[in-house]
Amino acid sequence: MRKKPESYEAAVRYIETIPRFTKKHTLEHTKEFWKKLGNPAGDRKVIHVAGTNGKGSVCAYIQAILEKEGKKTGFFTSPHLVSVNERIQIDRRPVSDAEFYHVFEEVFDAAAEMEKEGLGHPSYFEFLYGMGMKAFSRTDAEYIILETGLGGRLDATNSFPTPALTIITSVSLDHTDILGDTIERIAEEKAGIIKPGVPVFFDGGNREAAEVIKRTAEMQGAPCREITKNAFEIQEVTRKYIAFSRTNAYDKYISFKVPICGIYQVMNAEIAIQASEYLLREEDIHKELWREAVSSIRWKGRMEEAGEHLIIDGAHNPGAVEAFAESIEALSGKDEELPVLLFSAVADKKYEQMIKCLCRRVPAKAYIVTEIEDDRKVSAEELGRIFRQYTKQKVIEKAKLEDALECAYKERGKTGYIYCLGSLYLAGMIEKLLTGGGQHAEL
């Protein structure tokens, strides 16, 4: 019998060791775990969100809109960049260390009971999901937003039986060793969150994925709404925001602004707006407040200006890097000098595809490669070798992040920007370096 940790710090250390002594479980296991916890928050309105890229941002926009309409929300998200508390948010704020530890104690006891009965200790993600639902049950949150961790069909969050709405954001190649090596197979896993009769809203940007989602929705008898770029019109792109209007008759004269210079964020905001319209369809809504909600989002690691001329983007798969490149192309001409790109990657990602895209679409003054603090890191030497296959520009290898950042600032000149991308570990490491401590993680 494991001894219960007696402090927040010890609880975090315990959670981080979970992958060493347990494994991925079935949804039936997660459902049994949820029962052991007392079916926490089972009576709330749940919005379940899956997708390769953009799901965290869509969740954040929905959360902000609901808050502006006076709704209390819970948000379970992953991964975290600095503190594990980020994964459990109430009204857009991570739970406190004290609240985190309180729900940890309850979930620890339920996990111990599972082990005692021979059912196996919950996995890392199951454990945190249980903590999130327990934390939400202790509040009067009316809406709970659940972001899948990996895939959808077999994700622990898919154990929730009756969501009010499901959402699938953009689908592209990622985690191909687990989810499949084609868009269609990955889309099938994402579409696994669709429930009988529960409406699904989805990003229709990829035709192969769209066909899979529509077919699955039809089989489940789930009302289906495909959202494409025809739903909005981009009006202005700047480093501080992107302004867009919606093409429906009611909102076409209203200008929304996403405060992130990523073109893909407009689609994410549109999905969130349409989802919120559905959720609040029987109530008085205040679109002027929704504009404020959308423009208020501060989402770490998503084209985030984290320092002087320093942009952190969490792009860590080919689809996300393509979207990053599209954003940089839209900003072309707004810099006097070419940017500097700082890149690192995890070994199980398609990093050569990402590098090829960057060299083809994002001309840079220099490409600087560094290493993440994880066993799955790709060496700076290997990343440098691949970059040199696709560019004749300067490629600099710096194994230590501190050295890489120092080098990037020397190379950028007076007006050039530094873009950091390739891994959520890298984003977390930079956030940690800037804030002076904490933890970081990547699925």
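The values are calculated or read from the model by the stated rules, or taken from the named source; none is laboratory data. All values reported here derive from a predicted model rather than from experimental measurement. Counting neighbours? That spans all protein chains shown, and the Cβs are built from the backbone with ideal geometry, glycine included.
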Inside the stretch 213-261, can you point out the residues that are under 26 Å from the mean Cα position of the chain (by Cα) and acidic (Asp, Glu)?
Glu226, Glu233, Glu236
What are the residues in the stretch 92-111 that are of a type in the set (Ser, Thr, Tyr) and under 18 Å from Pro122 (Cα atoms), if any?
Tyr101
Residue list for the stretch 304-328, restricted to those being charged (D, E, K, R) and either touching a strand residue (DSSP E or B) at 6+ places or on another chain (Cβ under 6 Å) or over 17 Å from Met267 (Cα atoms) (or both)
Glu304, Glu305, Glu308, Asp313
Do we find that Ile271 is in contact (Cβ under 8 Å) with a residue 60 or more places away in the chain and closer than 24 Å to Gly314 by Cβ in this structure?
yes
Under 27 Å from the mean Cα position of the chain (by Cα), polar (S, T, N, Q) and within 23 Å of Leu331 (Cβ to Cβ): is that true of Ser423 in this structure?
yes
Index of the failed condition, Ala217 passing every other in (1) surrounded by fewer than 19 Cβ atoms within 10 Å (Cβ to Cβ); (2) part of a helix (DSSP H, G or I); (3) among the hydrophobic types (A, V, I, L, M, F, W, C):
(1)
Can you pull out every residue in the stretch 235-268 that is in a strand (DSSP E or B), among the small types (Gly, Ala, Ser) and touching a residue at least 60 places away in the same chain (Cβ under 8 Å)?
none
The condition of being part of a loop (DSSP other than H, G, I, E, B) and farther than 25 Å from Ile273 by Cβ holds, among Arg185, Arg153, only for Arg153
Check off (1) surrounded by fewer than 22 Cβ atoms within 10 Å (Cβ to Cβ); (2) at pLDDT 95 or above; (3) part of a helix (DSSP H, G or I) for Ile18 and give me the number that stays unchecked.
(2)
Within the bounds of the stretch 137-145, is there any residue that is in contact (Cβ under 8 Å) with a residue 40 or more places away in the chain, under 20 Å from the mean Cα position of the chain (by Cα) and not in a strand (DSSP E or B)?
no
Residues in the stretch 165-223 that are free of Cβ contacts under 8 Å to residues at least 12 places away in the same chain and of a type in the set (A, V, I, L, M) total 1
Considering Ala315, Ala272, which residue is under 19 Å from the mean Cα position of the chain (by Cα), assigned by TED's automatic domain parsing to the domain that holds Pro163 and within 19 Å of Thr77 (Cβ to Cβ)?
Ala272
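For a quick check of your reading: which helices (runs of 4 or more DSSP H) sit entirely within the stretch 25-121 and have at least 1 residues that are at pLDDT below 95 and touching a His at 6+ places or on another chain (Cβ under 6 Å)?
Qualifying helices (runs of 4 or more DSSP H): 97-116.
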Per-region count, the stretch 23-74, residues surrounded by 19 or more Cβ atoms within 10 Å (Cβ to Cβ) and either among the polar types (S, T, N, Q) or outside the structural domain of Ile193 (by TED's automatic domain parsing) (or both):
6
Of those in the stretch 287-303 that are part of a loop (DSSP other than H, G, I, E, B) and farther than 15 Å from Val266 by Cβ, the residue modelled with the lowest pLDDT is Gly301
Could you check, for the stretch 160-176, whether at least one of its residues is in a helix (DSSP H, G or I) and closer than 28 Å to Thr73 by Cβ?
no
Going through the stretch 129-148 one residue at a time, which ones are touching a Phe, Trp or Tyr at 6+ places or on another chain (Cβ under 8 Å) and closer than 21 Å to Lys190 by Cβ?
Tyr129, Gly132, Ile144, Ile145, Leu146, Glu147
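Yes/no per residue for (1) assigned by TED's automatic domain parsing to the domain that holds Ala408; (2) closer than 27 Å to Gly413 by Cα; (3) surrounded by fewer than 20 Cβ atoms within 10 Å (Cβ to Cβ):
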{"residue": "Lys349", "(1), (2), (3)": "yes, no, no"}
{"residue": "Glu352", "(1), (2), (3)": "yes, no, yes"}
{"residue": "Cys359", "(1), (2), (3)": "yes, yes, no"}
{"residue": "Pro363", "(1), (2), (3)": "yes, yes, yes"}
{"residue": "Ile368", "(1), (2), (3)": "yes, yes, no"}
{"residue": "Glu371", "(1), (2), (3)": "yes, yes, no"}
{"residue": "Asp374", "(1), (2), (3)": "yes, no, yes"}
{"residue": "Glu381", "(1), (2), (3)": "yes, yes, yes"}
{"residue": "Phe387", "(1), (2), (3)": "yes, yes, no"}
